[in-house]
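Asks: Before I ask anything, here is the structure I am working with.
Values in this text are rule-based calculations from the coordinates and carry no lab data. Computed from a prediction, not measured in an experiment: that's the story for all the values here. Cβ placement follows ideal geometry from the backbone for every residue including glycine, while neighbour counts extend to all protein chains displayed.
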Amino acid sequence: MRIPPRALIALLSLGVGIIGTTPVLGGEKTKDKRTAPAHAVTDAGKAFPPFARGDLVPAGLGPRQATPEIPFPGAATTRSIPKGKAVLSILVDADNRAVDFLVTSATDPTFGKALEEIAPRLTYQAARLKGIAIPARYAFAYDFEARSTSTNAMDNATLLPSKIAPGKAAHSAHPESELDQTLELTRMALPDVPAGYTPTNDPVAVLVTFFVDETGRVRIPNVESAADPVLVPGAIAAVSHWTFKPALRHGKPVLAFATRVVRFLPPAADSR
């Protein structure tokens, strides 16, 4: 994985759009992104359409994993909080392993912590694109109630996952449009074109979404559009090495959500 200055300049010059709409947990009804219409992102004339219906099987809980019953947090009971919601975004690799966890929305920190504690003990199943296992994001959402619990585990193949209704979340990721300024990249890497992949006349590139935590580290990246499943692992690995200046909203560091086009380097790039 190489980090050429020319690639950094090319990436920073991109104007990137957003696909579809933001799903909301609570308040508005969450749309099923596998069937909801989405608009393709374009970059320098190249379109990045969403995956065709039936091509993508989202990541999720393992086939033998029972729906978890998560105890209501004692800290919430002590503070007389009767109910709450939280969303934990999980990066599931191609070998069905959960490799990163991040609370991306919560009405109170105690609910996010409850999900973080149980999630490593669960089993997961990798996403499959055209029958090939790929690393991908899985959004696990849970509704907590003091006397009963119910779960709402959501597959999340596209964009900002399961954001709790505005005004309801004490902690929630903010899209780049809500930040004080555009995210500023401080470290980046680009993947090489995989061996055996035959590119078309178009540049080899994929569309990736990801979170940027309060320290500027990229978390839970997900490929939203790619011409071939073999491009997905390299794109995820490269973006996982990116860092940004911490995102600010009203002058304070926040969790951010962003979209970028990732370009693959040609095999002959070292010899230039």
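Asks: What ³J(HN,Hα) values, in whole Hz, does the Karplus curve 6.51 cos²θ - 1.76 cosθ + 1.60 give for region 178-194 when θ = phi - 60°, with x put for Gly and Pro?
Replies: 8, 7, 5, 7, 4, 4, 10, 6, 10, 8, 8, 8, 10, x, 8, 4, x
Asks: Can you order the peptides 208-215, 170-177, 256-263 by their average number of other Cβ atoms within 10 Å per residue, highest first?
Replies: Descending mean neighbour count gives 256-263, 208-215, 170-177.
Asks: Distance from the Cα centre of region 237-268 to that of region 196-235, in angstrom?
Replies: About 11 Å separates the Cα centre of region 237-268 from the one of region 196-235.
Asks: Restricting to Cα atoms and excluding each atom paired with itself, what does the Kirkwood estimate give for region 218-272 in Å?
Replies: 13.5
Asks: Using amide H atoms built in the peptide plane, which far-off residues or other-chain residues are under 5 Å from residue 190 H to H?
Replies: HN-HN under 5 Å from residue 190: 2.
Asks: Per residue of region 70-82, in order, report the coupling 6.51 cos²θ - 1.76 cosθ + 1.60 (Karplus, θ = phi - 60°) as ³J(HN,Hα) in whole Hz, putting x for Gly and Pro.
Replies: Going residue by residue, I get 9, x, 5, x, x, 5, 6, 4, 4, 8, 6, 8, x Hz, with x marking Gly and Pro.
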